Every structure is written in structure tokens, then in C-alpha cells.
Amino acid sequence: YSFLKKIKFPIINRMLELNKNDLLLDVGTGAGIFAEKLADSCKKIIAIDINLDNIKIAKNQIKNKDIFYIVCDATYLPFKDNSFNKILATEIIEHIKRDDLFVNELSRILKDNGTIVITTPCNNPSISLEWIRKKTGVDMRYAFGHMRSGYTKETLSKLLNKSNLKIIKTSY
């Protein structure tokens, strides 16, 4: 449970505004940290990841009957249209080669008036982590399985708008 996840959790929790009737999809759940922390706030969580090892770790570490784990590709989700009223996609979109397919899938499975919370590294030059690359030599564009280093507010907004998703709030 990283320092950054501790910082992000209250923000994500506040933005999701979960209640006991909500069905939450946690896309790219990893070890299931957010799913575990959010489970008591909603009816059920479906936690998905493309990596079987991540799902095994999450299932072994988190024993909650209201979290269901599925291995699947986020660009081809095995859910009916309008299935979820809340979706969490934290630090996943930058890992997906076809981010347009991913966003289309999120839009397809989101219920009317539903909420998606997406977090991703920022490419805004004034607040990005480009200084890490300069100090360490780590190229953030492709480090850690990234297909791209992140998004600017404008590039992410454009991508989401193409899928008819309405942006309510952005923050850094």
C-alpha cells in the first residue's frame, strides 16, 4: 500500500460518492487495494485485471465476499451495456495501447448518470514528473509497462469526449 495510494484514496473516495446500492467496477485492480478499501461503501465490486498473477494476489490477500475478481482485457469487457453506475480506472489508461477502445468500453458499460473516476500520470510540463527522468534516466513514457507517459488535461478530455463522456471535474 504505497504512499501515493494513501494520498489518492480520499480523493477517489470523495469523487466516486459511493452508496450501499452501487455496483463498482475496479479496472486494473492490481493487488486490489482500492477494491478492499471501497468494499464497505457499496453493494458489490467487480475487480478486473489482465494479469492473472495480480488477481491471484488480490484474492489471497483480500477476503471479502462482496468483491468478485475477473481476469480480462479492459478493451473488451465481458459485461452488458449499462451494467455499472460507478467505475474506477486508476493508473491504468496509460498502460493500454488502444486507449480509444478502452474509453469506448467504459462508456458502453456505464449506466446513464453514472460516474467514472480515471487517474493517470499528467503530461503538463509545469507539474509532470519529467524531472525524475532527468535525474534517474528512467523514461516515464515507457517505464512500468506504459504505452504513453500520461495525458494533458486537453488530450484526456478530447479522448473522453469522443466516447460521449461528460467531464464533471478534473484535478491535479
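The values are calculated or read from the model by the stated rules, or taken from the named source; none is laboratory data. These figures come from a predicted structure and were not determined experimentally. Backbone-built Cβ (ideal geometry, glycine too); neighbour counts: all protein chains shown. Heads up: the accessible areas ignore ligands, DNA and RNA and are worked out on the full protein's heavy atoms, side chains in. Shrake-Rupley method; radii C 1.70, N 1.55, O 1.52, S 1.80 Å.
For the reader, a short list of remarks on this structure follows.
- Scan of the stretch 61-88 for residues that are under 14 Å from Thr29 (Cα atoms), modelled with pLDDT under 95 and open to solvent by less than 70 Å² (accessible area, probe 1.4 Å), ordered by number: Ile62
- Within the stretch 19-66, restricting attention to residues that are in contact (Cβ under 8 Å) with a residue 40 or more places away in the chain and of a type in the set (A, V, I, L, M), the residue that is nearest to Phe102 (Cα to Cα) is Val27.
- Candidates Lys169, Lys111, Lys153 - the one that is of a type in the set (D, E, K, R), within 21 Å of Ala74 (Cα to Cα), modelled with pLDDT of 75 or more and open to solvent by 40 Å² or more (accessible area, probe 1.4 Å): Lys111
- Cross-chain or 6+ apart pairs with Cβ under 7 Å, the stretch 77-100 first and within 14 Å of Gly114 (Cβ to Cβ), then open to solvent by 60 Å² or more (accessible area, probe 1.4 Å) and in a helix (DSSP H, G or I): Asp81/Arg108
- Candidates Glu94, Glu105 - the one that is under 15 Å from the mean Cα position of the chain (by Cα) and at pLDDT 95 or above: Glu105
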